[in-house]
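Here is the structure we will look at.
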Amino acid sequence: MKVKSVFFCNECGYESPKWLGKCPACGAWNSMVEEKIKPDTNRNSAKSSFAGEKAVPKTLNDIASDAEARIETRISELDRVLGGGVVKGSLVLVGGDPGIGKSTLLLQMCETLKTSGCILYVSAEESDKQIKMRAERLAVRNPRLLLLAETDLDGVCDAIHSHKPDVVIIDSVQTVYSGGISSAAGSVSQVREVTATLMSVAKGSGTAVFIVGHVTKEGAIAGPKVLEHMVDCVLYFEGERHQFHRILRAVKNRFGSTNEIGVFEMTDTGLQEVRNPSLMLLSGRPENVSGSCVICTLEGTRPMLAEVQALVSKSNFPAPRRMSTGIDYNRVCLLMAVLEKRVGFNLSTQDAYVNVIGGIKIDEPAADLGVALAIASGYKDVTIPNNVLAIGEVGLTGEIRAVNSIGKRIAEGAKLGFGIILVPSGNTKGVTAPENVKLHHVANLREALNIF
Ligand code: TYD
Ligand code: MG
């Protein structure tokens with residue numbers, strides 16, 4: 001059979017018979033990769049209908065409602081991110097850097113899944129002995145868990161058909177290959193074919209499928225972006241390798257919110273849920289030093305407290321250095337400009353380094369006030385007391401603007417013993433001071449700074 005060569009765009013999966021410098025579909029430069037395709041006549045899995053038979057149009061009433069068809073994982077942080085459990089027949093992609101804990105999380109899930117059927121864990125990376133060793137360490141003893149060390153997709157599909165598991169885990173999509181395509185495992189066309197086949201298996205049989213996907217250096221799941229379009233749910237597992245906590249984030253979810261996060265801690269007996277992330281993020285906070293302030297960010301429906309630190313020192317360069325981790329660089333520059341113009345601080349001669357402790361990322365304007373206070377405190381060398389929490393968005397005229405869910409944020413602060421909470425004066429609804437908390441309503445930055 002003649003082997004033909006086609007080119008795929010790594011970004012969007014666009015297919016072209018010849019190499020192109022720029023992808024005509026998504027406009028990405030230098031994203032085309034060559035792959036050898038052996039046309040296979042007896043495979044059309046990706047094109048067949050989900051149930052394997054001819055699809056006919058139906059009215060909404062004719063379609064059985066699967067609203068309750070969720071399987072709880074009983075790992076509450078994972079359930080939260082999935083939107084209340086795994087939906088039957090759904091395809092979930094779990095992405096993350098190598099070594100972050102994807103296999104560990106999914107293996108632990110095999111123990112807690114609330115299902116009476118069997119669970120199939122397909123490992124294309126480790127041998128069954130290696131998985132057993134890991135399972136022992138994680139105290140996974142579920143007798144209904146079946147392990148399969150297999151890299152051939154046909155073998156995986158056969159196992160699914162003969163054992164009819166409720167949940168299948170494929171670890172990882174980049175190491176499973178489909179015999180119908182001649183290019184190497186992990187290439188764009190392979191990853192696409194494997195996902196399409198698993199998708200039709202999932203939709204046809206009602207089996208929930210978890211696919212593990214490694215992430216490239218650029219932070220995308222290796223393989224084309226189309227993978228993310230195909231699946232029902234994309235979860236990213238992130239965190240710093242040398243820090244112990246891990247954050248599970250939904251970036252796409254057809255059955256739930258994408259705002260929720262799950263927080264875990266990697267221990268020597270596997271991943272432990274972190275029920276109170278604020279406490280973890282604030283642990284080890286220094287006492288009575290300048291350049292530090294606590295803010296409250298909302299992740300989904302969940303308030304989280306975090307410490308922002310700022311180091312401001314005289315610059316030796318004509319253009320001072322500015323650096324930020326965990327918070328948008330431009331946002332920091334903007335806040336410094338506001339401090340300079342509206343409060344009169346001479347920051348243009350100062351280097352500034354801003355860091356959010358704990359490796360989390362903040363992309364919420366409600367953190368503005370705390371960041372501005374940390375910078376001001378670092379610049380003036382004035383300590384902000386340890387029991388102060390700052391909530392509010394800073395506008396360009398230096399005004400403090402109202403934020404959403406203020407009640408929740410205040411309650412979280414009060415719970416962790418913050419006695420002084422700065423809130424925007426515009427936030428009046430839902431604002432009552434809890435016991436032992438003094439609320440300061442501030443209208444602008446100057447007013448907030450005058451408190452200290
Ligand atoms: P793993 O789940 O293999 O990562 P991934 O599948 O995302 O590549 O996690 C491997 C890391 O987790 C490894 O660096 C060791 C660490 N680890 C623990 O700290 N404790 C444990 O109980 C386990 C199983 C792993
Ligand atoms: Mg793994």
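Kindly provide the set of residues from region 134-168 that are without any contact (Cβ under 8 Å) to a residue 24 or more places away in the chain, farther than 16 Å from GLY206 by Cα and more than 16 Å from ligand 1 (Cβ to nearest atom), ordered by number.
Scanning region 134-168 gives PRO143, GLY155.
Which of (1) closer than 20 Å to LEU113 by Cα; (2) of a type in the set (Val, Ile, Thr); (3) open to solvent by less than 50 Å² (accessible area, probe 1.4 Å) does VAL201 not meet, given it meets every other one?
With (1) closer than 20 Å to LEU113 by Cα; (2) of a type in the set (Val, Ile, Thr); (3) open to solvent by less than 50 Å² (accessible area, probe 1.4 Å) applied to VAL201, the lone miss is (1).
Could you pull out every one of the strands (runs of 3 or more DSSP E) wholly within region 250-312 that has 2 or more residues that are among the polar types (S, T, N, Q) and under 20 Å from ILE391 (Cβ atoms)?
Numbers: elements: 261-267, 270-273, 292-299.
In region 250-312, 292-299 are the strands (runs of 3 or more DSSP E) which contain 2 or more residues that are among the polar types (S, T, N, Q) and under 20 Å from ILE391 (Cβ atoms).
Please count how many residues of region 230-280 are open to solvent by less than 10 Å² (accessible area, probe 1.4 Å) and either away from ligand 2 (no atom under 16 Å from the Cβ) or of a type in the set (Val, Ile, Thr) (or both).
Residues flagged as open to solvent by less than 10 Å² (accessible area, probe 1.4 Å) and either away from ligand 2 (no atom under 16 Å from the Cβ) or of a type in the set (Val, Ile, Thr) (or both) within region 230-280 amount to 10.
Take region 391-431 and flag every residue that is among the basic types (Lys, Arg) and within 24 Å of GLU307 (Cβ to Cβ). Spell out the reasoning first.
Within region 391-431, the first condition is being among the basic types (Lys, Arg), and the residues that meet it are 401, 408-409, 415, 429.
Correct list: ARG401, LYS408, ARG409, LYS415.
When you go through ILE406, ILE384, ILE375 one by one, which is the residue that is of a type in the set (Val, Ile, Thr) and within 23 Å of MET280 (Cβ to Cβ)?
Numbers: ILE406 fails: within 23 Å of MET280 (Cβ to Cβ); ILE375 fails: within 23 Å of MET280 (Cβ to Cβ).
Sole residue among the options that is of a type in the set (Val, Ile, Thr) and within 23 Å of MET280 (Cβ to Cβ): ILE384.
Checking GLU126 against (1) without any contact (Cβ under 8 Å) to a residue 60 or more places away in the chain; (2) within 10 Å of ligand 1 (Cβ to nearest atom); (3) within 25 Å of ALA69 (Cα to Cα): exactly one of these is not met. Which one?
Checking GLU126 against (1) without any contact (Cβ under 8 Å) to a residue 60 or more places away in the chain; (2) within 10 Å of ligand 1 (Cβ to nearest atom); (3) within 25 Å of ALA69 (Cα to Cα), the one that fails is (3).
If you check ALA366 against the conditions, is it open to solvent by less than 50 Å² (accessible area, probe 1.4 Å), at pLDDT 90 or above and in a helix (DSSP H, G or I)?
Details: open to solvent by less than 50 Å² (accessible area, probe 1.4 Å): yes; at pLDDT 90 or above: yes; in a helix (DSSP H, G or I): yes.
For ALA366, the condition - open to solvent by less than 50 Å² (accessible area, probe 1.4 Å), at pLDDT 90 or above and in a helix (DSSP H, G or I) - is met.
Quick one: count up the residues across region 169-187 that are out of contact with any Leu (no Cβ under 6 Å at 6 or more places or on another chain) and either within 16 Å of ligand 1 (Cβ to nearest atom) or within 14 Å of HIS214 (Cβ to Cβ) (or both). Explain how you work it out, then say what you get.
Taking region 169-187 and keeping what is out of contact with any Leu (no Cβ under 6 Å at 6 or more places or on another chain), we get 170-175, 177, 179-187.
Within this subset, residues satisfying the condition of being either within 16 Å of ligand 1 (Cβ to nearest atom) or within 14 Å of HIS214 (Cβ to Cβ) (or both) are 170-175, 185-187.
Looking only at that region, the number is 9.
Scan (1) buried (at least 19 other Cβ atoms within 10 Å of the Cβ); (2) at pLDDT below 85; (3) more than 11 Å from LEU93 (Cβ to Cβ) for the single condition GLN174 breaks and write down its number.
For GLN174, the failing item is (2).
ASN436 - would you say it is modelled with pLDDT of 90 or more, open to solvent by 20 Å² or more (accessible area, probe 1.4 Å) and out of contact with any Asp or Glu (no Cβ under 9 Å at 6 or more places or on another chain)?
On the way: modelled with pLDDT of 90 or more: no; open to solvent by 20 Å² or more (accessible area, probe 1.4 Å): yes; out of contact with any Asp or Glu (no Cβ under 9 Å at 6 or more places or on another chain): yes.
Here the answer is no, as ASN436 does not meet what is asked.
Output the qualifying pairs, or none if there are none: Cβ atoms under 7 angstrom, residues six or more apart or on different chains, first residue in region 46-71 and at pLDDT below 75, second residue of a type in the set (Lys, Arg) and assigned to a loop (DSSP other than H, G, I, E, B).
ASP66/LYS88
In region 333-363, which residues are outside any loop (DSSP other than H, G, I, E, B) and closer than 28 Å to LEU248 by Cα?
Of everything in region 333-363, those that are outside any loop (DSSP other than H, G, I, E, B) and closer than 28 Å to LEU248 by Cα turn out to be TYR353, VAL354, ASN355, VAL356, ILE362.
Please specify each residue of region 378-404 satisfying the condition of being open to solvent by less than 50 Å² (accessible area, probe 1.4 Å), within 15 Å of SER425 (Cα to Cα) and not in a strand (DSSP E or B).
ILE391, GLY392, GLY395, GLY398, VAL403
The values are calculated or read from the model by the stated rules, or taken from the named source; none is laboratory data. All values derive from a computational prediction rather than experimental measurement. Heads up, the Cβs are rebuilt from the backbone with ideal geometry, glycines too, and the neighbour counts pull from every protein chain shown. Side chains are part of the model used for accessible areas, which takes the heavy atoms of the whole protein and leaves out ligands, DNA and RNA. Shrake-Rupley method; radii C 1.70, N 1.55, O 1.52, S 1.80 Å.
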